[in-house]
Amino acid sequence: MESQPGKQQAFHLQILAESVPCTMVKRMSPCLSIRLPGVIGTMIMLAACVLVYAPMSSAEEPQVIRFHATEWKDLTNKDGTGLYHEILQRIFESQGFEIEATYFPFRRTLLNVSIDEADIAGATTNDQPDLLPARNPIWVSRNSALFHKKMLPTWEGLRTIILNPNTSVSSPGIGKMIGVDIYEVPSRDQALNMVLDKRMRYYVDDYETLTKLKAGEKNVVGFEGWKPPSSINNFDWDRFVIRDVRSVPAYMVFQNNEKGRRLRDLFDSEFEKLHRSGELIKIYEKWGLAAKMPRDISN
């Protein structure tokens, strides 16, 4: 007796489904249409859809996540090491992704995410409000001001900077971070020299950067080979003080679309797992940045 065509097709597809590895099935186009009759056809098509969208197996090429960053010592070193790199690698590479890091000026990194030339960057919520921030900050920046101690009697913290934006200076991005439109120059050493040369009163920057600089440490980021301006005679750090301005959290930010939301949700989930396991603090300690780790991480 001759078998019915519909039963033959169903049998052949069943053998295919049982014998073809998942990696091969996943590569089948979801647009491929196989017409089978009745309930059997519907069930097989549903099973095929599940296979097409199944998680990527380890044998496949990983999906690339484009991380754009500015080179910052111990955060985003150009050799692929640093706090941010390690956290992203721990979170995404275990899920079958590959991190591709590229380096740009800070504002360009955010623009690249917003125009779909990058998937992730680091920023405060003030820097690029149209992007999606992670649920928890990855860094808490303690912003401070360095100024001549003769200005101490009138110092009122952030209020002083707000009242004196035209005599406060920083490198790019700090003003927006603290919410004050202060004068910004291209580099940190240029900003400091403007205060030392009495062209500005307050130099605003990260607290650890300022304290390392004042303590005479070498290779502070932005001050490699720095020298005081020639107009300064008998330069003495003891004439200057450092005072807090404002602490600001920084986040990993993602595209404001469905892809960005999926990556953001995965980052949030795995970041919190690292925290619960105790591994997260070890990563911050490894890079000497435990003081920068956020203390109130939601789980």
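The values are calculated or read from the model by the stated rules, or taken from the named source; none is laboratory data. Everything numeric in this text was worked out from a predicted model, so none of it was measured. Note that we place each Cβ from the backbone using ideal geometry, even for glycine, and neighbour counts take in every protein chain shown.
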* Test Val180 against the stated conditions and say whether it is farther than 30 Å from Asn257 by Cβ, β-branched (Val, Ile, Thr), surrounded by fewer than 22 Cβ atoms within 10 Å (Cβ to Cβ) and free of Cβ contacts under 8 Å to residues at least 40 places away in the same chain. => yes
* Asked: Within segment 265-299, restricting attention to residues that are aliphatic (A, V, I, L, M) and closer than 30 Å to His148 by Cβ, which residue is modelled with the highest pLDDT?
  -> Leu289
* Structure fact -> Selection from segment 247-269 of residues closer than 23 Å to Ala69 by Cβ and surrounded by fewer than 18 Cβ atoms within 10 Å (Cβ to Cβ) yields Ser247, Pro249, Asn256, Asn257, Lys259, Arg261, Arg262, Asp265, Leu266, Asp268, Ser269
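What do you reckon, is Phe223 surrounded by 15 or more Cβ atoms within 10 Å (Cβ to Cβ), over 21 Å from Val248 (Cα atoms) and aromatic (Phe, Trp, Tyr)?
The answer is yes for Phe223.
Answer yes or no as to whether Ser57 is at pLDDT below 50, in contact with a helix residue (DSSP H, G or I) (Cβ under 8 Å, 6 or more places away or on another chain) and not aliphatic (A, V, I, L, M).
Here the answer is yes, as Ser57 does meet what is asked.
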* Asked: Which condition number in (1) modelled with pLDDT under 95; (2) in contact with a Pro (Cβ under 7 Å, 6 or more places away or on another chain) is the one that Lys214 fails?
  -> (2)
* Quick one: which strands (runs of 3 or more DSSP E) sit completely within segment 63-138 and have at least 2 residues that are out of contact with any Phe, Trp or Tyr (no Cβ under 7 Å at 6 or more places or on another chain) and in contact (Cβ under 8 Å) with a residue 40 or more places away in the chain? -> 63-69
* Enumeration of residues in segment 150-177 that are farther than 23 Å from Asp197 by Cβ and of a type in the set (A, V, I, L, M) -> Leu158, Ile162, Met177
* To do: Quick one: count up the residues across segment 283-299 that are in a helix (DSSP H, G or I), of a type in the set (A, V, I, L, M, F, W, C) and either in contact with a Ser or Thr (Cβ under 9 Å, 6 or more places away or on another chain) or over 17 Å from Tyr84 (Cα atoms) (or both).
  => 0
